[in-house]
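Take a look at the structure set out below.
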């Protein structure tokens with residue numbers, strides 16, 4: 001049977017001693033083990049008695065004349081052993097995932113997925129001595145690049161101005177004397193030139209040559225601490241439409257703004273020489289230590305990953321796919337994260353919400369006075385910083401009619417959204433509720449991107 005977990009799973013068992021937990025049925029507002037986990041499935045449990053004695057481990061749900069939880073594996077208890085506690089009173093049993101089995105991200109941007117129960121030693125195989133799919137360089141979330149497969153394009157699919165294009169990706173399009181376009185392009189189904197059957201790639205067309213060094217494509221990895229003092233390898237697939245083109249991979253340690261941050265530290269690799277055929281390039285970098293450096297006070301420091309055009313400056317069309325930056329000296333296969341996961345990573349920096357046809361609302365606002373509305377705009381993830389907002393084409397709609405957007409600002413950012421104060425409205429009815437509405441041609445934009 002399967003292993004499962006569930007939300008708000010809690011039941012009670014009376015004086016089980018060292019035997020099975022015989023469950024007494026549903027507790028108000030909670031799920032039962034049988035309903036949430038399922039008969040025969042296994043899960044984590046935590047059991048505690050009113051005197052503070054506790055036990056945790058793994059169990060399976062057994063549904064029969066009674067519903068039982070056999071205490072199959074005890075991982076820890078209040079006595080500091082792995083033995084069953086002799087419970088003599090009412091015991092509360094619920095599902096809880098142990099901390100050591102919970103993946104998390106540290107403040108320096110790294111994950112714990114390479115350690116402890118997440119790291120599994122296996123024999124070396126055909127991947128050049130890489131020893132594990134779940135530990136070391138093949139561990140999950142090894143790619144520091146977000147949207148490296150170019151699947152997420154919230155802002156659109158064609159761009160002619162310098163700035164953000166595909167989610168998390170910038171390009172120089174209209175400065176340094178250059179003009180050009182970035183577009184999303186689709187791979188033919190079943191093509192074999194780029195492995196993994198990706199759906200899209202990034203195309204940068206330079207229609208007018210630049211006059212100085214410029215970015216073909218750039219991503220800012222959050223936090224200058226990322227990989228500091230370590231070796232990393234950058235890998236990607238690329239081609240040029242015709243002829244050849246030399247481009248230069250570069251890492252820039254940017255120490256942020258505000259206060260007195262240290263100057264940028266730049267590491268430039270040898271050129272990669274693109275041809276009309278797709279090639280995979282692998283570039284090793286030794287990322288400098290940041291010992292003795294000063295970070296800015298605005299929390300916008302970053303490690304910038306750039307593919308640069310240096311002289312000679314030309315017109316060209318360059319295609320890029322499957323961008324990856326990872327710790328170590330060996331480039332591993334491109335990490336295919338689920339699209340919902342990749343989209344959530346993008347939403348930390350930028351979120352665009354559209355409404356459905358018919359002026360459906362996305363958030364409710366309370367009128368504090370005739371000139372002031374307060375509300376909460378939900379966000380699917382915690383954003384990097386308090387975002388800049390764009391509400392063009394939106395209105396507040398209430399029983400007394402519609403109000404124009406005034407001057408909203410995000411006053412408090414929460415993990416699940418932003419509390420908004422708009423002190424620029426006119427004609428609101430105090431204590432009334434207004435709904436933020438628009439039609440499908442408009443969108444609400446929350447932008448917390450890093451800027452180079």
Anisotropy class of the stretch 152-276 from Cα gyration tensor, a/c 1.5 cut: prolate
Label zone at residue 246 (point 7 Å along Cα-to-Cβ), backbone N below 16 Å, the stretch 314-331: 314-315
Ranked list, fewest to most other Cβ atoms within 10 Å of each Cβ, for 293, 245: 293, 245
Projected label distance in nm at residue 175 and residue 432, using a 7 Å step from Cα toward the beta-carbon: 4.6
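Once you keep just the Cα pairs under 8 angstrom separated by 6 or more residues, what percentage relative contact order results for the stretch 10-99? Mind dumping the intermediate values first?
Numbers: 206 pairs, mean separation 33.5, N = 90.
Rounded, it is 37 percent for the stretch 10-99.
Looking at the square roots a ≥ b ≥ c of the eigenvalues of the Cα gyration tensor of the stretch 350-447, which shape do they give, rounded for a/c under 1.5, prolate if a/b is larger than b/c, or oblate? Please report the intermediate quantities before stating the final value.
Numbers: a/c = 1.95, a/b = 1.28, b/c = 1.53.
Oblate.
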The stretch 327-412, relative contact order [Cα under 8 Å, separation at least 6], %: 21
Extension gain from residue 329 to residue 157, taking 0.36 nm per residue of separation minus the Cα-Cα distance: 58.5 nm
Per-residue Cβ neighbour rank within 10 angstrom, fewest leading, 199, 96: 199, 96
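Given a cut-off of 17 Å, what percent of all Cα-Cα pairs of the stretch 10-99 lie beyond it?
Working: 1624 of 4005 pairs.
Value for the stretch 10-99 (Cα pairs over 17 Å): 41 percent.
Using a Förster distance of 22 Å, how high is the FRET efficiency between residue 4 and residue 376, based on the Cβ-Cβ distance and rounded to 0.05? Intermediate values should be presented prior to the final figure.
On the way: r = 33 Å, r/R0 = 1.49.
That pair, residue 4 with residue 376, gives E of 0.10.
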Cα→Cβ-extended label distance, 7 Å offset, between residue 88 and residue 399, nm: 6.1
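Starting from the coordinates of the alpha-carbon atoms of the stretch 10-55, obtain the Kirkwood hydrodynamic radius over all distinct pairs and give the value in Å to one decimal.
Evaluated over the stretch 10-55, this radius sits at 11.8 Å.
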For the stretch 1-17 versus the stretch 261-291, the gap between their alpha-carbon centres in whole angstrom: 51
Cα gyration tensor category, rounded, prolate or oblate, for the chain with a/c compared to 1.5: oblate
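Can you pull a Stokes-Einstein diffusion coefficient for the stretch 178-226 at 4 °C (1.567 mPa s), Rh from Kirkwood over Cα pairs, as a whole number of µm²/s?
Translational D for this selection: 94 µm²/s.
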Whole-number Å³ per residue for the convex hull built on Cα positions in the stretch 295-372: 330
Footprinting exposure proxy for 168, 184 (fewest neighbouring C-beta atoms within 10 Å first): 184, 168
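Find the Cα radius of gyration of the stretch 273-409, compare it with 2.2 N^0.38 Å by division, and give the number to two decimals.
On the way: Rg = 22.9 Å, N = 137, 2.2 N^0.38 = 14.3 Å.
In units of the 2.2 N^0.38 Å rule of thumb, it is 1.60.
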Protection-proxy order for peptides 33-46, 279-292, each taking the mean of Cβ atoms within 10 Å per residue, highest first: 33-46, 279-292
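Where does the chain land at 222 nm, in deg cm²/dmol rounded to the nearest 500, when only DSSP H runs of n ≥ 4 count, each adding -39500 (n - 2.57), divided by all residues? The partial results should precede the final answer.
Details: 2 runs with 13 residues, N = 452.
Rounded to the nearest 500, the figure is -500 deg cm²/dmol.
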Rule-of-thumb Rg ratio for the stretch 225-318 [Cα; 2.2 N^0.38 Å; N residues]: 1.28
Computed FRET value (nearest 0.05) for residue 277 with residue 352, which takes r as the C-beta separation and R₀ as 25 Å: 0.10
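Computed from the coordinates by the stated procedures, all read-outs in this text should not be read as laboratory data. Since the model is a prediction, treat every value here as computed from it, not as a measurement. Because the Cβ atoms are built from the backbone with ideal geometry, glycine has one as well, and the counts that use them run over all protein chains shown.
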